[in-house]
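What follows is a short report on a single structure.
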Amino acid sequence: MLLASVRGALRHRTVVLEAVPTLMNIAQCSQRRTYIDETKALVLRNLLVDTLSMSRKFQDAGLSREQADELTKHITEVIILNKIKMEDTFVAKKEFEKVIMEQDSRVQLFKAELAKAQDNQAANVNKELERQQSFLDKMRTEVRHEIDKLTSSQRLDMNLEKGRMRDDLQGMRDKTTELEIKVDRDINELKSSVEKAKNDTIKSVITILGTFSAIAFTISRFMQMGAGGGG
């Protein structure tokens, strides 16, 4: 686009440079007034100055016609070159507005695409959240089922353990009762044996005492009899 503008400006420059001397030569001919007006409009549109008026002012200032035309030609070239440089450096208002409109259109398109992408992303996120929620609900149900099953198993094991402990305790109680009965029986037998031994001992002591008494009595009689015979 910029290259086309430069080429157009160069074409205008050629036309203007070729038209300047022609304009100056035919400006005084009334039969070609229309052509002069068109050429003047072209010059004014591209140069922004009236070269014929400039040449006349140079002539009024004391320059000859040839000098005024040559000076006007050089000034025209400078103006055209400056205009080309300005067009290369700056952007025309229409081009600038066109670029702004294109940028606005691109921005609007980008906003629409961004909004669409955000909507798609939000839909994907919601879908993923729903999938994760469903997975979590399923896992929660499975975990609850496993916990209930484990609790039931532990409860059954605890009941079995309680029953086993109850049986063991009852067995220990039975053994304790049997042991108590046996101890009581042994104690009673021991008491009976002690009483019997005590009675036997008492009888033996009584027998021994009776025997000693009889012996003592016999000895006493023998001693009395011996004392009586001696007297």
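The values are calculated or read from the model by the stated rules, or taken from the named source; none is laboratory data. Computed from a predicted model, the values in this text were never measured in an experiment. Every residue, glycine among them, receives a Cβ derived from its backbone with ideal geometry; neighbour counts consider all protein chains shown.
Against the test of being aliphatic (A, V, I, L, M), at pLDDT below 80 and loosely packed, with under 14 Cβ neighbours inside 10 Å, the options LEU47, LEU23, LEU42, LEU10 yield a single qualifying residue, LEU10.
Assigned to a helix (DSSP H, G or I) and more than 60 Å from the chain's Cα centre (by Cα): does that describe PHE212? Yes: the conditions hold for PHE212. On inspection, LYS94 qualifies as surrounded by fewer than 10 Cβ atoms within 10 Å (Cβ to Cβ) and in a helix (DSSP H, G or I).
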